[in-house]
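For reference, the structure discussed in these notes is given below.
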Amino acid sequence: MPPQSQPGWLRRHRFDVALAAAVAVVVAGGAATALLLADRGSSDGTVSPATSPAAAQSDEADGATWCDGFADGEVVSPDSSDRGAAAIAGFEDAYYVARDGVRARSYVAPNALVASAEQIGQGISQIPVGTTHCLLVKRIGEGRYAVDVFDRRPDNSANHYRHTFTTAADPGSPTGVAITSITLREGK
């Protein structure tokens, strides 16, 4: 048989190569998402370290929130009238207050490319107990939100994490809306 008519190794194994490439892309995407949620992105240092935890407790007792005005957006809670914002607040509350990866993941769509409950729990375990957080959310489109999370650690260090959350209706989610993606957002 002439050399031109013999199938090459790549031609004989093209399905295997394509499958391996697809698996590599999925694994890399999952790993990137896990890292995103594990260390919550890098801090840009915009939180005012002059605000002490005692001052924050005093502000919150007066009805004010310590991060109000640090970025565009409104302070939201899990009982927000905007169900997408409520899902985001529920996720962050489960992350920082309940420190429960399973509960946090309950606000995420089952098929979303977001870390597993176990991976979220691993990220939570790296946040010191006693860390407080403040959440500012701004709706930027249908089901899309600019989210600024500020956390203050027991040692008075502070971090600012900027993300874009995407949500969609999901009757299985605690708020009826589930998070479908979380991506880092550039800028300050």
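Counting just the residues of segment 175-188 that are of a type outside the set (Ser, Thr, Tyr) and out of contact with any Gly (no Cβ under 6 Å at 6 or more places or on another chain), which one comes out modelled with the lowest pLDDT?
So, considering only residues that are of a type outside the set (Ser, Thr, Tyr) and out of contact with any Gly (no Cβ under 6 Å at 6 or more places or on another chain), the one modelled with the lowest pLDDT is Lys188.
Quick one: what pairs do we get from segment 136-160, first residue of a type in the set (Ser, Thr, Tyr), second not in a strand (DSSP E or B), C-beta under 8 Å, 6+ apart or different chains?
Filtered contacts from segment 136-160: Tyr145/Gly84; Tyr145/Ala85; Tyr145/Ile88; Ser157/Pro49.
State which residue pairs qualify: first residue within 19 Å of Thr183 (Cα to Cα) and inside segment 110-131, second residue open to solvent by 100 Å² or more (accessible area, probe 1.4 Å) and assigned to a helix (DSSP H, G or I) in any location, beta carbons under 7 Å apart, and separation of 6 or more residues or different chains.
Ala117/Val102
Would you tally the residues in segment 82-117 being acidic (Asp, Glu), in a helix (DSSP H, G or I) and open to solvent by 10 Å² or more (accessible area, probe 1.4 Å)?
Counting residues in segment 82-117 that are acidic (Asp, Glu), in a helix (DSSP H, G or I) and open to solvent by 10 Å² or more (accessible area, probe 1.4 Å) gives 1.
Could you tell me whether segment 142-152 includes any residue that is closer than 18 Å to Asp93 by Cβ, open to solvent by 10 Å² or more (accessible area, probe 1.4 Å) and either charged (D, E, K, R) or assigned to a strand (DSSP E or B) (or both)?
Looking through segment 142-152, none of the residues is closer than 18 Å to Asp93 by Cβ, open to solvent by 10 Å² or more (accessible area, probe 1.4 Å) and either charged (D, E, K, R) or assigned to a strand (DSSP E or B) (or both).
Just to check your reading of the model, which residue among Asp79, Asp72, Asp44, Asp59 is open to solvent by less than 60 Å² (accessible area, probe 1.4 Å), of a type in the set (D, E, K, R) and either part of a loop (DSSP other than H, G, I, E, B) or modelled with pLDDT of 95 or more (or both)?
The match here is Asp44.
How many residues are open to solvent by less than 50 Å² (accessible area, probe 1.4 Å) and assigned to a loop (DSSP other than H, G, I, E, B) if we restrict to segment 174-184?
Of the residues in segment 174-184, 2 are open to solvent by less than 50 Å² (accessible area, probe 1.4 Å) and assigned to a loop (DSSP other than H, G, I, E, B).
The values are calculated or read from the model by the stated rules, or taken from the named source; none is laboratory data. Only a predicted model underlies this, so the values are computations on that prediction, with no experimental measurement involved. Cβ atoms come from the backbone with ideal geometry, glycine included; neighbour counts cover every protein chain shown. Note: areas computed on protein heavy atoms with side chains; ligands, DNA, RNA excluded. Shrake-Rupley method; radii C 1.70, N 1.55, O 1.52, S 1.80 Å.
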